[in-house]
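Here is the structure we will look at, set down as structure tokens.
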Amino acid sequence: MRTTALTALLCATGSGLVGATPNSGPDQKPLGPGHETETQPSRSQPNVVFVLTDDQDVHLLSLDYMPLVKKHLLDQGTRFSSHYATTAVCCPSRVTLWTGKFAHNTNVTDVKAPYGGYPKFISQGFNDNYFPVWLQEVGYNVYYTGKLFNVHTVENYNSPAPGGFTGSDFLLDPYTYNYLNSTFQRNGEEPRSYEGQYSTDVLAEKAYGLLDEAVEAGKPFFLVAAPIAPHANVVMKDSASDGHRDLDNLPFEFTEPVPAERHKHLFKDEKVPRTDNFNPDEPSGANWISQLPQQNSTNVEYNDHFYRQRLRSLQAVDELVDGLVQRLEAYDILDNTYFVYSSDNGYHIGQHRLQPGKSCGYEEDVNVPLIVRGPGVEANYTAEGVVTTHADLAPTFFDLLGLARRDDFDGAAIPVTKEGIEEVKGRGERREHAGIEYWGMAMGEGIYNRNPREHNTYKALRVSGPGYNLYYSVWCNNEHELYDLNVDPGQLRNLLSSESVTSSTATATAAGYPVDKVAARLDALVLVLKTCAGTTCQRPWAELHPEGGVQTLADALEPRYDGFYEAQGRAARVEYAYCANGFLPDAEGPTWEGLRDGLRWEDWV
């Protein structure tokens, strides 16, 4: 029988509440392949509460409209301003988050068949080899409510059921994004419809109930609450479980997000921030984006409404955060709990003339919130100068919970204390790069010009360090982009466009260096990252410079390496053989592994 928070607290007083009384003796338990034997956690070990939103932006300033997130998390924790989703769409991003592996290593690269979705996650063998399973193996209880993966449906929810959860209440397709007609499935029970009830409010009550269960169990726990806000409202026309790819007859209808009734009146005068890259007079970007028409006033007015609906839909998430913090305080375990807040990917509305959506590599789509509050974490602090990604989150949770690092993680643990952050910033080997990759379709999500695009496939890189702040990408049609965000934060002036190369080859610079010199280094780095695994993803410069002389872009830009990068560029550059909607090795073009042995290091370093 489920207890209320207050009743559970009274029952647990003096009886081994999580965070109160350690176990008398630890048990040894293996964590599985790829790591060392671990110690069974005691009740004094930290808990984690993780709120994972859907499509929440940084650059559209949505956090500015969440006063309770500010009160409980921003004012009491650390914000990582340079945190990136490595794939800017739901399912691949979430699989990366829960495996610590980039999408090119999970081969889950889309939201549905044949290249992605829950069935693809299962077929790749991850259901018994991912984060919740690993935590259960060392004695943590794991609870989850909300969206797990796309194409986790009312038909396949138990074939098989997601592994690793002590308690769960999952949102299921085809009703996941229907704010007023959601379907949840608790533990092994049949799916239950909540037609007419507001999805985030239903989820909040489930999250509070799972928290009660977690505390009552008397073991350290990891609890995830994953609401759909501020994702667009989606009404499915047929089952989400098939491989439907008819772009002219899509099986769903996107509309703007739906707020709770109590929030419908808010923010009536707010508009999408009018940054330089909002519906610009001149086209920008590359590939199909550079061909977009400027939006007319009616379109812009609707997109402002779409923006307000996003802000309104996030108010119930704001209340969810408040409710979780209050209950952690009532149980007297807040000080022994890490509270983490993030989103699967970012979002654009009007930037580069784009309709509402994601799937691009630009800053609006890949730079996402990451806030951490908990033991030893600095309050009201922003971690500048440290680049982190979703591939780092599983390793970070391992580090916070005292678990040994797995040797198959592509990411690395993020330091969450101020001292740890400053130490990383002070070392020669900085955290300064984020590899970004995408395959397949992009489309608008409002009512105007949806115009779905296949072959929205690219490899990209964000690099930020002292004196440079750069974005580099290669599209599957082999167009290249390079932006210097220190002087062009809106990514409007592609330094590698045909016009730029023709008009200013001799004088164009990026971060104070000739454009071609910078692009050569970045292309080589992408060549390594596009097929990296494990420590190669964490230290890609070590692949290019095994002698150890290069740890940052600044090091690589030293003149003594010019000859090496000229030779590397002649041998191979990042390019695609053809555009594919998924990860197909023969489409991916040259690899670093194929090039590496042909370069003689002694000739250049």
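The values are calculated or read from the model by the stated rules, or taken from the named source; none is laboratory data. Quantities reported herein were computed from a predicted structural model and do not represent experimental measurements. FYI the Cβ positions are ideal-geometry reconstructions off the backbone, even for glycines, and counts take in every protein chain you see.
Residues of region 437-494 that are closer than 29 Å to GLY116 by Cβ, aromatic (Phe, Trp, Tyr) and touching a residue at least 60 places away in the same chain (Cβ under 8 Å): TYR438, TRP439, TYR448, TYR458, TYR471, TRP475. Considering ARG493, ARG431, ARG462, the condition of being in contact with a helix residue (DSSP H, G or I) (Cβ under 8 Å, 6 or more places away or on another chain) and in a strand (DSSP E or B) is satisfied by ARG462 alone.
Scanning region 567-579 for residues that are out of contact with any helix residue (DSSP H, G or I) (no Cβ under 7 Å at 6 or more places or on another chain) and part of a helix (DSSP H, G or I) returns ALA567, ARG570.
Within the bounds of region 153-166, is there any residue that is buried (at least 24 other Cβ atoms within 10 Å of the Cβ), modelled with pLDDT of 95 or more and of a type outside the set (Val, Ile, Thr)? Within region 153-166, none of the residues are buried (at least 24 other Cβ atoms within 10 Å of the Cβ), modelled with pLDDT of 95 or more and of a type outside the set (Val, Ile, Thr).
Say whether the condition of being under 30 Å from VAL340 (Cβ atoms), touching a helix residue (DSSP H, G or I) at 6+ places or on another chain (Cβ under 8 Å), in a loop (DSSP other than H, G, I, E, B) and modelled with pLDDT of 95 or more is met by at least one residue in region 233-256. Yes, there is a match, as at least one residue in region 233-256 is under 30 Å from VAL340 (Cβ atoms), touching a helix residue (DSSP H, G or I) at 6+ places or on another chain (Cβ under 8 Å), in a loop (DSSP other than H, G, I, E, B) and modelled with pLDDT of 95 or more. If you take the residues in region 555-579 that are small (Gly, Ala, Ser) and modelled with pLDDT under 95, which one is nearest to HIS104 (Cα to Cα)? Among those residues, the one meeting the criterion is ALA572.
Within region 526-560, the residues that satisfy the criterion of being touching a Phe, Trp or Tyr at 6+ places or on another chain (Cβ under 7 Å) and either part of a helix (DSSP H, G or I) or among the aromatic types (Phe, Trp, Tyr) (or both) are VAL526, LEU527, VAL528, CYS537, GLU543, LEU553, ALA556. Scanning region 121-148 for residues that are more than 17 Å from ARG186 (Cβ to Cβ), crowded, with 24+ Cβ neighbours inside 10 Å and in contact with a Gly (Cβ under 8 Å, 6 or more places away or on another chain) returns TRP134, LEU135. Of all the residues in region 44-65, those that are free of Cβ contacts under 8 Å to residues at least 24 places away in the same chain and either within 13 Å of ALA229 (Cβ to Cβ) or within 16 Å of the chain's Cα centre (by Cα) (or both) number 0. Screening THR502 against (1) buried (at least 16 other Cβ atoms within 10 Å of the Cβ); (2) out of contact with any Leu (no Cβ under 6 Å at 6 or more places or on another chain); (3) modelled with pLDDT under 95 leaves a single unmet condition, (1). Only residues that are free of Cβ contacts under 8 Å to residues at least 40 places away in the same chain and either outside the structural domain of THR166 (by TED's automatic domain parsing) or not acidic (Asp, Glu) (or both) were counted across region 183-236, and they come to 14.
Taking region 120-139 as the range and being of a type outside the set (Gly, Ala, Ser) and free of Cβ contacts under 8 Å to residues at least 40 places away in the same chain as the test, the residues that pass are LYS120, PHE121, ILE122, GLN124, PHE126, ASN127, ASP128, TYR130, GLN136. Would you tally the residues in region 106-121 being small (Gly, Ala, Ser), within 17 Å of TYR438 (Cβ to Cβ) and assigned to a loop (DSSP other than H, G, I, E, B)? So the count comes out to 1. Note on region 95-112: among residues that are farther than 20 Å from ARG462 by Cβ and among the charged types (D, E, K, R), the one that is surrounded by the most Cβ atoms within 10 Å (Cβ to Cβ) is ASP110.
The requirement of being more than 30 Å from MET443 (Cα to Cα), touching a residue at least 40 places away in the same chain (Cβ under 8 Å) and either surrounded by 15 or more Cβ atoms within 10 Å (Cβ to Cβ) or not assigned by TED's automatic domain parsing to the domain that holds ASN486 (or both) is satisfied by LEU557. From the list LEU314, LEU266, which residue is assigned to a helix (DSSP H, G or I) and in contact (Cβ under 8 Å) with a residue 24 or more places away in the chain? From the options LEU314, LEU266, the qualifying one is LEU314. Taking region 465-489 as the range and being of a type outside the set (D, E, K, R) and not in a loop (DSSP other than H, G, I, E, B) as the test, the residues that pass are GLY465, TYR468, ASN469, LEU470, TYR471, TYR472, SER473, VAL474, TRP475, HIS480, LEU482, TYR483.
Here the condition is being assigned by TED's automatic domain parsing to the domain that holds ASN105, assigned to a loop (DSSP other than H, G, I, E, B), under 30 Å from THR275 (Cβ atoms) and at pLDDT 95 or above; of LEU73, LEU60, LEU68, it holds for LEU60 alone.
Total residues in region 426-451 satisfying the condition of being closer than 18 Å to GLU253 by Cβ, of a type outside the set (A, V, I, L, M) and under 24 Å from the mean Cα position of the chain (by Cα): the figure is 4.
Let's see how each residue does on (1) in contact with a Pro (Cβ under 6 Å, 6 or more places away or on another chain); (2) more than 24 Å from ALA225 (Cβ to Cβ); (3) assigned to a strand (DSSP E or B); (4) modelled with pLDDT of 95 or more:
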| position | (1), (2), (3), (4) |
| --- | --- |
| THR275 | no, yes, no, yes |
| ASP281 | no, yes, no, yes |
| ILE289 | no, yes, no, yes |
| ARG310 | yes, no, no, yes |
| ASP322 | no, no, no, yes |
| VAL325 | no, no, no, yes |
| GLU329 | no, no, no, yes |
| VAL340 | no, no, yes, yes |
| GLN355 | no, yes, no, yes |
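For ALA113, all conditions in the list (1) of a type outside the set (Asp, Glu); (2) touching a helix residue (DSSP H, G or I) at 6+ places or on another chain (Cβ under 9 Å); (3) under 20 Å from LEU211 (Cα atoms) hold save one; what is the number of the exception? Condition not satisfied by ALA113: (3).
From the list GLY598, GLY582, GLY589, exactly one residue is assigned to a loop (DSSP other than H, G, I, E, B) and modelled with pLDDT under 85. Which is it? The conditions single out GLY598. Examine region 122-131 for a residue that is outside the structural domain of VAL526 (by TED's automatic domain parsing) and assigned to a strand (DSSP E or B), and state whether such a residue exists. Within region 122-131 (the criterion being outside the structural domain of VAL526 (by TED's automatic domain parsing) and assigned to a strand (DSSP E or B)), the answer is no, since none of the residues qualifies.
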